[in-house]
Amino acid sequence: MLEYFITVVALYLGYSLVCLELNYRRASAIGIPLVRVPIDPLNILFQVLEPHLFKLLDLIPSNILPTFVPYMRRGWFFMDKADSHLRYGPIFACVTPRGVHIQVCDSEAIHDIFSRRLDFIRPTQNYKLLEVYGPCISTANLENWPRHRRVLAAPFNESIMKFVWRESLSQTKQMLTAWTAPGRLAEGIPSVSKDTRTLSLNVLAATGFRRSFSFRSESSDHVEPDTASSYRDALSLVLDNAILLMLIPRRYLNLGFMPTSFRRVGKAADEFKHQMERMLDDEMAALTKGRSGAGGLMTSLVKASTTHDTNNGDSKGHKGLSVEEIFGNIFVINFAGHDTTANTLAFAVFLLATAPGVQNWIGAELLTIGDDEDNWDYDRLFPKLIRCRAPQTLVIENRSIVIPANTSTSPSIIAVHTNPRYWPDPLKWNPQRWVMTSEVGQESLLLPPRDTFFPWSDGGQNCPGMKFSQVEFVAVLALLMRQHRFRIVKNREETEEQSKERVRGVINDCDMQLLLRMRDSDRVRLRCEPKTQDLSCSSN
Ligand code: HEM
């Protein structure tokens with residue numbers, strides 16, 4: 001038996017090495033720096049072993065490890081920042097047994113990639129796992145993608161943004177009540193990141209269902225039963241267990257021999273599907289009777305689907321979205337909108353806690369809107385609070401590079417955002433860099449040069465939820481910072497500076513589940529205190 005096992009492992013390793021060398025030969029023709037990486041970070045078996053292996057490798061000084069080691073880690077680019085590009089130049093490739101992965105860190109070339117959607121095709125096969133409830137925008141091929149995108153544009157309209165604004169404010173108020181309860185001021189908030197996840201989930205669920213859900217904080221001593229919350233609760237379980245649902249089809253999770261926890265997820269996934277079916281039936285009935293519908297995500301998708309059914313179809317006559325595609329897209333919108341915004345909020349709150357000056361700076365901005373929070377109106381205030389939101393907006397260095405077929409090419413987002421070529425002092429968290437003051441003291445917002453800042457991607461296939469997340473982020477931060485300041489709960493004998501350094505360490509200790517997130521944010525406790533007076537406006 002052991003011999004059999006050793007033979008299989010040896011054959012697999014031999015096959016991998018041959019693939020690696022074949023890929024390396026293919027990549028050599030491109031004429032760019034190459035790094036041989038013997039294991040692809042997307043190798044499924046390796047993904048299971050990776051966290052354990054890196055626990056050991058992280059103990060060894062990096063300068064004595066082979067060059068390829070960091071590139072085997074999923075999400076290696078977060079720790080790397082712009083280092084690899086500073087070493088290898090604006091373009092290099094990691095060659096693994098699985099393929100050639102080109103990384104590009106040059107704003108002009110990146111603009112070219114985003115503009116040439118038909119040349120640099122999104123690898124939809126990598127997203128196939130997202131089809132938990134049916135085909136969706138992320139897995140649509142070149143021909144079908146415009147049809148999905150046309151329908152998906154509908155829910156991201158200004159009426160929904162107003163709802164997102166109101167809901168984000170209402171959720172933040174409830175979160176603040178939990179964070180400032182008497183016990184919390186002494187002990188600190190047990191889990192900022194769990195609470196921002198709850199907030200983001202409730203905003204999404206409310207937008208989908210057009211009804212509010214009460215905020216249950218990790219900090220609440222008492223859990224309030226929420227009647228009729230099965231949509232939110234099912235969505236919560238589905239999103240928390242998205243990886244399991246992507247790996248094991250729903251119908252198998254409910255089988256009798258599966259562990260109870262798996263069956264619970266299967267049941268929630270079925271419940272979420274029933275909820276979507278019910279909403280779809282209601283919307284179809286409303287549409288037939290000429291009524292306006294509930295006004296949630298389903299209303300927009302159904303309306304846009306039926307409108308497009310008669311207009312602008314693709315060459316095969318497919319026009320709107322099928323029922324399966326509507327369900328598939330509702331899942332993917334929730335999936336894409338949940339952790340992204342929740343993690344961004346958690347990072348922001350932690351970073352703010354390390355920079356009291358920035359908190360006061362934002363607080364000063366908020367004083368200028370001089371309004372009672374109960375009257376905070378989206379149309380009037382969101383455009384005013386531009387300082388709280390980030391602005392938007394292959395030939396490499398005159399050299400033409402021919403990229404062979406079946407080679408993945410990725411804009412190195414983090415490397416561009418942390419490259420001193422584009423950003424002075426890039427690793428410093430300095431939100432004030434976005435505001436420029438002229439000689440006569442007039443302030444304006446920095447508009448970064450084209451494709452030097454693209455957290456929501458860029459071009460035709462950028463994130464449709466960009467404004468949704470900005471509205472939510474601004475509403476939450478504005479309300480948090482108006483009357484409160486975050487303070488780090490210090491460990492015993494820790495100085496102020498040491499506590500900030502510890503929090504920065506936690507912020508930088510990230511891992512890549514489906515998305516980047518802090519590995520163990522609950523190691524930090526923050527206090528959310530009523531503000532006393534604004535002392536300084538320096539950035540730390
Ligand atoms: C800070 C928050 C967010 C960030 C940084 C972000 C970033 C991104 C990026 C970079 C992409 C492109 C992915 C790719 O090309 O593979 C994307 C796609 C997408 N995002 Fe977001 N996103 C955020 C929030 C949201 C929200 C709130 C929603 C919905 C409510 C959303 C819905 C989507 C969808 C549906 C796609 C797929 C678009 C397509 O395939 O054409 N995102 N997002």
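The values are calculated or read from the model by the stated rules, or taken from the named source; none is laboratory data. The model shown is predicted, which means the values in this text are computed figures rather than measured ones. Virtual Cβ from ideal backbone geometry, glycine too; neighbours counted across all protein chains shown. These area figures cover heavy atoms from the full protein model, side chains too; ligands, DNA and RNA do not enter into them. Shrake-Rupley method; radii C 1.70, N 1.55, O 1.52, S 1.80 Å.
Structural remarks
- Largest to smallest in accessible area, the residues TYR231, TYR12 fall in the order TYR12, TYR231 (1.4 Å probe, all protein chains included).
- Taking all protein chains together and a 1.4 Å probe, the residues GLU108, GLU365 rank GLU108, GLU365 from largest to smallest accessible area.
- The H on the amide N of LYS531, modeled in the peptide plane, is under 5 Å from the matching H of HIS484, ARG485, each at least 5 residues off or on a different chain.
- For the stretch 1-137, the alpha carbon positions stretch 54, 45, 31 Å along the principal axes, listed from largest to smallest.
- Based on protein heavy atoms only, the stretch 1-137 ends up with 58 Å² per residue of surface accessible to a 1.4 Å probe.
- Between the stretch 410-455 and the stretch 106-123, the Cα center-to-center distance that results, in Å: 21 Å
- In terms of accessible area, using a 1.4 Å probe and ignoring ligands and nucleic acids, GLU529, GLU501, GLU143, GLU325 rank largest first as GLU501, GLU143, GLU529, GLU325.
- Cross-link partners of LYS319 among lysines (Cα-Cα below 25 Å; sequence separation of 8 or more within a chain): LYS128, LYS273, LYS289, LYS303
- For the chain, projected area of the alpha-carbon convex hull averaged over all directions, nm²: 30.6 nm²
- Put simply, the amide H of CYS510, placed in the peptide plane, has neighbours under 5 Å in ARG519, leaving out anything fewer than 5 places away on its chain.
- Accessible surface of the stretch 1-137, 1.4 Å probe, proportion on carbon and sulfur as whole %: 67 percent
- Separation between Cα centres of the stretch 285-299 and the stretch 327-380, rounded to whole Å: 31 Å
- Subset of LYS428/LYS500; LYS162/LYS467; LYS467/LYS531 violating a 19 Å alpha-carbon distance limit: LYS467/LYS531
- Candidate lysines - alpha carbon under 17 Å from LYS194, same-chain residues fewer than 8 apart omitted: LYS173
- Cα-projected label distance for ASP509 with LEU13, points at 7 Å along beta-carbon direction, nm: 3.3 nm
- Averaging 1/r over each pair of different alpha-carbon atoms in the stretch 419-482 and inverting the result gives 14.3 Å, the Kirkwood hydrodynamic radius.
- Amide H to amide H, with H built 1.01 Å from N, ILE488 comes under 5 Å of ARG527, counting only residues 5 or more places away or on other chains.
- For LYS55, the aspartates and glutamates whose Cα comes closer than 15 Å to its Cα, not counting residues fewer than 8 places off in the same chain, are ASP509, ASP511, ASP520.
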